[in-house]
Amino acid sequence: MVPGAELSRPVLYNSWEATEFEVSEEQQRSLAQLAATMGVELFVVDDGWFGARTSDRAGLGDWTANPDRFPHGLKPLADEVHALGMQFGIWVEPEMVNPDSDLYRAHPDWVQHHSGRARAEFRNQLVLNLARPEVREYLWERLDALLSGAPIDYVKWDFNRSFSDAGWPGDAYPRRLWIDHVRGLYELLERLRAAHPQVAFESCSGGGGRIDLGVLGRTDQVWTSDNTDPLDRLAIQHGFSQLHPARVMAAWVTDSPNAMGNARVSSLRFRFVSAMAGVLGVGGDLTRWSEAELAEARDWVALYKRVRPVVQHGELYRLRPPEGDGLSAVQYVRGEETVVLAWIQAQHYGDAQPPLRLRGLDPAAGYRDLETGEVYRGAVLAHRGLRTGLGGDLDAAVFHLRRN
């Protein structure tokens, strides 16, 4: 169902948490250079590159590069990102519009609304009515021009608010908006994918708001949650994995403490192992990372690339759910290889963590730990289990085993 499901998704860097709306071409170049040294494969410019988008109050709907921030458009930056060995991506939110935008000033009737009622804004934005053919045609023209005007490889398609004014004055059956908006979205995505088959699409929707099978059939991956706290993410990812594969589950390493506001501090190790359970991404402000942190991150990215085929395409076993503050773990099996990701929230009284009883292995075969060289029998791993050696608070580990 997922387009190109047999292909592995690249390690990405997203600039949002580093810059928010303070976007400039030179600053993005600096971040791209740092990301490339870490081994990142896809560099994404998030919100703030277009129109009058210097805050969340303006610009949505005007999908051309801000001339002050990108005087020659996006192509020079995209070319430099490609020269660094990475793909280039951008953020869009096509179904939304700010009242302070050229689009809304020209077509205020294009938004969902009811006659005689005030139009309810959320995040200073309104929802375009994609059930209207002229709205879809406008978005097609703007997005097609955008993807044709620069070598763009990836689009992060966001949708940050719900319907609150699902009206369509003048239409004979306005309630069809609920269905025809979605059909219009599908039509637009299909048209863009056909015209630009080299471009991958991510469904964002504020994180987890649009991950249904209809969207998954038209996008390459989805954004799991705006909550990137690595401990919180374990429970979020556990729930997500009940229905969806790791191959579509975007997961980021961000700064610590991060934007969720819980003041929790965690190591790069814990953050990376948490995010390695899906499609790995990095979203921190790399200009504030030390040389030691950048070097450690480079090692984690390299490790993820080695285990990526197993994580993204293997069979998933949820060995221990993230309940309480003890040990949790997931296991992936593909062919001769198996990967185990394990985490502990807190250790009490110096107690050792219980062994993890692995699944999906040949009991008669030997399995070699590719880091330590130690060999385990499949039957032993299944019945006695694998000891993780985790201890303290917010500890994590990766085990990569290959059948002898």
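The values are calculated or read from the model by the stated rules, or taken from the named source; none is laboratory data. Note that the coordinates shown come from a computational prediction; the quantities given were computed from them, not determined experimentally. Every residue, glycine as well, gets a Cβ built from its backbone with ideal geometry; the counts of neighbours run over all protein chains shown.
Below are the figures for this structure:
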quantity: Near pairs, Cβ below 9 angstrom, 6+ apart or cross-chain, from region 84-109 (closer than 18 Å to residue 189 by Cα) to any residue that is acidic (Asp, Glu) and not in a loop (DSSP other than H, G, I, E, B); calculated: 89/202
quantity: Residue tally, condition of a type in the set (Ser, Thr, Tyr) and within 20 Å of residue 348 (Cβ to Cβ), over region 370-400; calculated: 1
quantity: Near pairs, Cβ below 6 angstrom, 6+ apart or cross-chain, from region 200-222 (farther than 26 Å from residue 151 by Cβ) to any residue that is part of a strand (DSSP E or B) and β-branched (Val, Ile, Thr); calculated: 211/222
quantity: Members of region 144-174 that are among the acidic types (Asp, Glu) and not in a helix (DSSP H, G or I); calculated: 153, 158, 165, 171
quantity: Residue satisfying condition, being among the aliphatic types (A, V, I, L, M), surrounded by 14 or more Cβ atoms within 10 Å (Cβ to Cβ) and within 30 Å of residue 156 (Cα to Cα), within set 263, 342, 295, 302; calculated: 342
quantity: Selected residue [assigned by TED's automatic domain parsing to the domain that holds residue 144, in contact (Cβ under 8 Å) with a residue 60 or more places away in the chain and farther than 30 Å from residue 278 by Cβ] from 54, 64, 37; calculated: 64
quantity: Of all residues in region 67-106 being over 14 Å from residue 25 (Cβ atoms) and among the charged types (D, E, K, R), the one that is surrounded by the fewest Cβ atoms within 10 Å (Cβ to Cβ); calculated: 105
quantity: Test: residue in region 18-26 that is surrounded by fewer than 22 Cβ atoms within 10 Å (Cβ to Cβ), closer than 30 Å to residue 311 by Cβ and either in contact with a Pro (Cβ under 7 Å, 6 or more places away or on another chain) or modelled with pLDDT under 95 (or both); calculated: no
quantity: Hey, residue 186 assigned by TED's automatic domain parsing to the domain that holds residue 98, touching a residue at least 24 places away in the same chain (Cβ under 8 Å), of a type in the set (Ser, Thr, Tyr) and under 26 Å from residue 1 (Cα atoms) or not; calculated: yes
quantity: Qualifying positions in region 252-279 - under 13 Å from residue 318 (Cα atoms) and out of contact with any helix residue (DSSP H, G or I) (no Cβ under 6 Å at 6 or more places or on another chain); calculated: none
quantity: Candidate set: region 175-204, residues that are in contact with a Lys or Arg (Cβ under 6 Å, 6 or more places away or on another chain) and not in a helix (DSSP H, G or I); chosen: the one surrounded by the fewest Cβ atoms within 10 Å (Cβ to Cβ); calculated: 202
quantity: Neighbours by Cβ (under 8 Å, 6+ apart or cross-chain): first from region 305-317, charged (D, E, K, R) and buried (at least 17 other Cβ atoms within 10 Å of the Cβ); second outside any loop (DSSP other than H, G, I, E, B) and modelled with pLDDT of 95 or more; calculated: 308/280
quantity: Residues (in a loop (DSSP other than H, G, I, E, B), more than 17 Å from residue 198 (Cα to Cα) and within 23 Å of the chain's Cα centre (by Cα)) located in region 75-98; calculated: 84, 93, 94, 95
quantity: Filter result (more than 17 Å from residue 244 (Cα to Cα), in contact (Cβ under 8 Å) with a residue 24 or more places away in the chain and not in a strand (DSSP E or B)) within region 318-334; calculated: 322, 326
quantity: Among (1) in contact with a Ser or Thr (Cβ under 8 Å, 6 or more places away or on another chain); (2) in a loop (DSSP other than H, G, I, E, B) - the single one residue 244 does not satisfy; calculated: (1)
quantity: Residue within region 374-396 that is in contact with a helix residue (DSSP H, G or I) (Cβ under 6 Å, 6 or more places away or on another chain), under 16 Å from residue 274 (Cβ atoms) and touching a residue at least 40 places away in the same chain (Cβ under 8 Å) present; calculated: yes
quantity: Conditions (1) crowded, with 17+ Cβ neighbours inside 10 Å; (2) modelled with pLDDT of 95 or more; (3) within 18 Å of the chain's Cα centre (by Cα); number of the one not met by residue 207; calculated: (2)
quantity: Restricting region 231-251 to residues that are in contact with a helix residue (DSSP H, G or I) (Cβ under 8 Å, 6 or more places away or on another chain), more than 21 Å from residue 1 (Cα to Cα) and touching a residue at least 60 places away in the same chain (Cβ under 8 Å), the residue that is surrounded by the most Cβ atoms within 10 Å (Cβ to Cβ); calculated: 234
quantity: Answer from 125, 112 - the residue that is of a type outside the set (A, V, I, L, M) and under 16 Å from residue 57 (Cα atoms); calculated: 125
